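Encoded as structure tokens, the structure appears first; notes follow it.
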Amino acid sequence: MNSPLTPLLILLLLPITAIGAVLYTDAGIEPALFYATVKTFVVLFIVAGGLCFAASRLAARTEG
């Protein structure tokens, strides 16, 4: 099951990973703030994935 959105996901994750690495190595950023940011991103990613999946299932059901 290869999604056509996979290259887009990789393209979006590259700068997010770079920014995360810079924030993680910056001495002025409190670690709790960094981990809260990562947790928020993961939750939003899961919610967005669920919404996309539900929309694709709904679109497939209304086509046929």
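Computed quantities for the displayed model
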quantity	calculated
Rounded tilt (10° steps) of 6-25 against the dominant C-alpha axis of the chain	20
Dimensions (Å) - the chain, Cα atoms, principal axes, largest first	56, 21, 13
Estimated FRET transfer efficiency (L14, L51; beta-carbon r; R0 22 Å; 0.05)	0.45
Simple spin-label estimate for D26 and A60 in nanometres, 7 Å along Cα-Cβ	4.1
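All of the numbers you see were taken from the coordinates with simple rules; none came from a lab. No experiment lies behind these values; they were computed from the predicted model shown. Reconstructed Cβ throughout: ideal geometry from the backbone, glycine too, with neighbour counts over all protein chains shown.
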